[in-house]
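Everything on this sheet refers to the single structure shown next.
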2 protein chains.
Amino acid sequence: MAPRKDISRESETGTLGKSMALLELVTHAERPMRFTDILALAGQPRGTLHRQLGHLVAEGLLEFAVGGLYAPGLRLLDLASRSWAKNEFRLIAEPHLRHLQQMSGETVHLGVLRETSIIYLDKIEGQQSVRMYSQIGNASPVYCTGVGKVALSILPDDALEALVRSLSFHSYTPQTLVSAEALLTEVAAIRKAGFAFDREEHEPGIRCVAAPIRMEDGSFAGGVSITGPAYRLTLERLEEWAAPLKQTAECIADAMRVRLGPRR
Amino acid sequence: MAPRKDISRESETGTLGKSMALLELVTHAERPMRFTDILALAGQPRGTLHRQLGHLVAEGLLEFAVGGLYAPGLRLLDLASRSWAKNEFRLIAEPHLRHLQQMSGETVHLGVLRETSIIYLDKIEGQQSVRMYSQIGNASPVYCTGVGKVALSILPDDALEALVRSLSFHSYTPQTLVSAEALLTEVAAIRKAGFAFDREEHEPGIRCVAAPIRMEDGSFAGGVSITGPAYRLTLERLEEWAAPLKQTAECIADAMRVRLGPRR
DNA sequence: AAATTGAGTTCCAAATAATGGAAAATCGGG
DNA sequence: CCCGATTTTCCATTATTTGGAACTCAATTT
């Protein structure tokens, strides 16, 4: 009923690709940008750039504030909010995340691998509500987060190799793994253990333990983690959660298979 | 230094516009869609549609799941998360929202008017964390939310008239205002009072009180609100918060002027 | 087993939209 | 009120998109 070819990394995305590159540029900037700032970075002729920005503004993807400043548009929020709310993987995982949160009392994350980053799909906190969006949706490095490392650990060797070679490492903390070799060694260890630690590798004072969620067809790679402050969470304590975490991850994978398999 | 013409509703957005319409179509759907489903709704020839979808997938704006199903892509989350995190208006308002939350103990919302909807930019809850994204970023109707109605109340007459005439009303609850006339009457009353109630007009059992945040140049319209369950919040109780709410809204507006005025 | 149906994918000449260099309009400050 | 910096408009050229039809593949029917 449904033929499937290799759609992936093929060819160009034409005009859309150019627009998205521009959108990304503005969205990644620290602050709203002036036309000239963008011109310098975008490497396109004035006329072209001006029209492209005009289109992005007209579509609500960018905002054109007083003073001639371009900033990310709010339509992005609406689009994202909708896609998040209906994301099947997240919906399936949610009750399991809640369960983990209650068991541990700490913050639980759900993330998936996209390109060379981890995107957090959900986050369940214990106490005070506080900032959420600041994590959900965030693209974080694979090589220094628990979820990232477990995601790597379930990739086939060739994909893992290719991905790791393409990374550029940044030393967020003294513990961050900053070489392909160190990372590959760590991944080998994680494959054996079936779970990973984040030993304050991304943020000082923050530790976590993570387990992979794997589909045998390799159609996707993600993970769950339990995160908290180092003063409260020793590695021993985290390790106690490894077993239930692995089990929960397996439950989520099972639930996915049920959902995706039969009823398509 | 910065010329400013009326950029608005002018002309087309060419190829980008078509792509966005398609993205919106898939994002608004209840569930992932098959090619044929989209074909029926998009009103475009097969070949064209196929290439456009391919581009959207290649850009990560859509996902192409097994079984040939198209679903919203995760890149949207990343883009939105970034734009939210840096949104100046939200950053400025946040401490004030927190203050309101503490004063009332109830949930506080911040929203702005975009086109004919309210987009929630932030939400601060009292107790249990629970779902956040399910509100932030959501586009909600103007005519039956506190923030929506106060936003309308600060529009110039002609803009108000035009916007209200273009609305299509849906009766969410028995209390929902479902005619342009009723809404305009309500707005007139809100203009006098300087604040608005939501008397279970959007969700049964949910009330709120809202105040407008206004820039005299009309460059934007938004508001703050305090929301909670009807059994706990009588209109009298809500009215007690009207004064501090109005004051806070004014503080936010002042802070905006400081930020936008001098330092551009 | 062969034929048919329904769904998705590919192709390419014609139509449309994007490009980009340069000129014109506009703002802010001295 | 004029100057220099910045943004916006213009339009002939060029590149991309368009869309009808043909093709592929898998599942269902004859």
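The values are calculated or read from the model by the stated rules, or taken from the named source; none is laboratory data. Predicted model, so just to flag it, every value in this text is computed and none were measured. Here Cβ is always computed from backbone atoms with ideal geometry, including for glycine, and neighbour counts include all displayed protein chains. Ligands, DNA and RNA are stripped out before the accessible areas are found, and what is left, the full protein with its side chains, is counted by its heavy atoms. Shrake-Rupley method; radii C 1.70, N 1.55, O 1.52, S 1.80 Å.
Considering each residue of the stretch B:44-58 in turn, at least one proves to be closer than 19 Å to A:Ser83 by Cβ, in contact with a strand residue (DSSP E or B) (Cβ under 8 Å, 6 or more places away or on another chain) and at the interface with another protein chain (Cβ under 9 Å from one of its Cβ atoms).
The listed residues are A:Ala65, A:Ala21, A:Ala58, A:Ala80, and the only one of them that is of a type outside the set (S, T, N, Q) and either assigned by TED's automatic domain parsing to the domain that holds A:Ile252 or more than 14 Å from DNA strand D (Cβ to nearest atom) (or both) turns out to be A:Ala80. Name the single residue that is nearest to A:Leu74 (Cα to Cα) among those in the stretch B:74-97 being more than 7 Å from every other protein chain (Cβ to nearest Cβ) and in contact with a strand residue (DSSP E or B) (Cβ under 6 Å, 6 or more places away or on another chain). The qualifying residue nearest to A:Leu74 (Cα to Cα) is B:Arg90. With respect to the conditions (1) open to solvent by less than 50 Å² (accessible area, probe 1.4 Å); (2) modelled with pLDDT under 95, B:Val258 lacks only one, and its number is (1). Summed over the stretch A:144-163, residues that are open to solvent by 10 Å² or more (accessible area, probe 1.4 Å) and outside any helix (DSSP H, G or I) total 3. Inspection of the stretch A:175-198 finds no residue satisfying the criterion of being in a loop (DSSP other than H, G, I, E, B), surrounded by 15 or more Cβ atoms within 10 Å (Cβ to Cβ) and at pLDDT below 95. Of all the residues in the stretch A:14-28, those that are within 14 Å of DNA strand C (Cβ to nearest atom) and either more than 9 Å from chain B (Cβ to nearest Cβ) or of a type outside the set (S, T, N, Q) (or both) number 8.
Here A:Met33 clears all of (1) open to solvent by less than 20 Å² (accessible area, probe 1.4 Å); (2) facing chain B (nearest Cβ under 9 Å); (3) within 16 Å of DNA strand D (Cβ to nearest atom) except the condition numbered (2). Between A:Pro141, A:Pro204, the distinction of being open to solvent by 40 Å² or more (accessible area, probe 1.4 Å) and not basic (Lys, Arg) belongs to A:Pro204 only.
Let's see how each residue does on (1) touching a residue at least 24 places away in the same chain (Cβ under 8 Å); (2) charged (D, E, K, R); (3) in contact with an Asp or Glu (Cβ under 8 Å, 6 or more places away or on another chain):
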residue	(1), (2), (3)
A:Ala182	no, no, no
A:Glu200	yes, yes, no
A:Arg207	yes, yes, yes
A:Val224	yes, no, no
A:Ala242	yes, no, no
A:Gln247	no, no, no
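Does the stretch B:164-174 hold any residues that are of a type in the set (Ser, Thr, Tyr), without any contact (Cβ under 8 Å) to a residue 40 or more places away in the chain and open to solvent by 40 Å² or more (accessible area, probe 1.4 Å), and which are they? Once the filter is applied, which keeps residues that are of a type in the set (Ser, Thr, Tyr), without any contact (Cβ under 8 Å) to a residue 40 or more places away in the chain and open to solvent by 40 Å² or more (accessible area, probe 1.4 Å), the stretch B:164-174 yields B:Ser168, B:Ser171, B:Tyr172.
The rows are residues; the columns are (1) closer than 30 Å to B:Thr227 by Cβ; (2) within 26 Å of the chain's Cα centre (by Cα); (3) open to solvent by 20 Å² or more (accessible area, probe 1.4 Å).
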residue	(1), (2), (3)
B:Ala42	no, yes, yes
B:Ala58	no, no, yes
B:Val66	no, no, yes
B:Leu77	yes, yes, no
B:Asn87	yes, yes, yes
B:Ile92	yes, yes, yes
B:Met103	yes, yes, yes
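Among the conditions (1) crowded, with 24+ Cβ neighbours inside 10 Å; (2) under 30 Å from A:Leu22 (Cβ atoms), the only one that B:Arg114 does not satisfy is (1). Determine which single condition B:Ser83 fails, assuming it passes every other condition in (1) open to solvent by less than 30 Å² (accessible area, probe 1.4 Å); (2) over 17 Å from the mean Cα position of the chain (by Cα). Every listed condition holds for B:Ser83 apart from (2).
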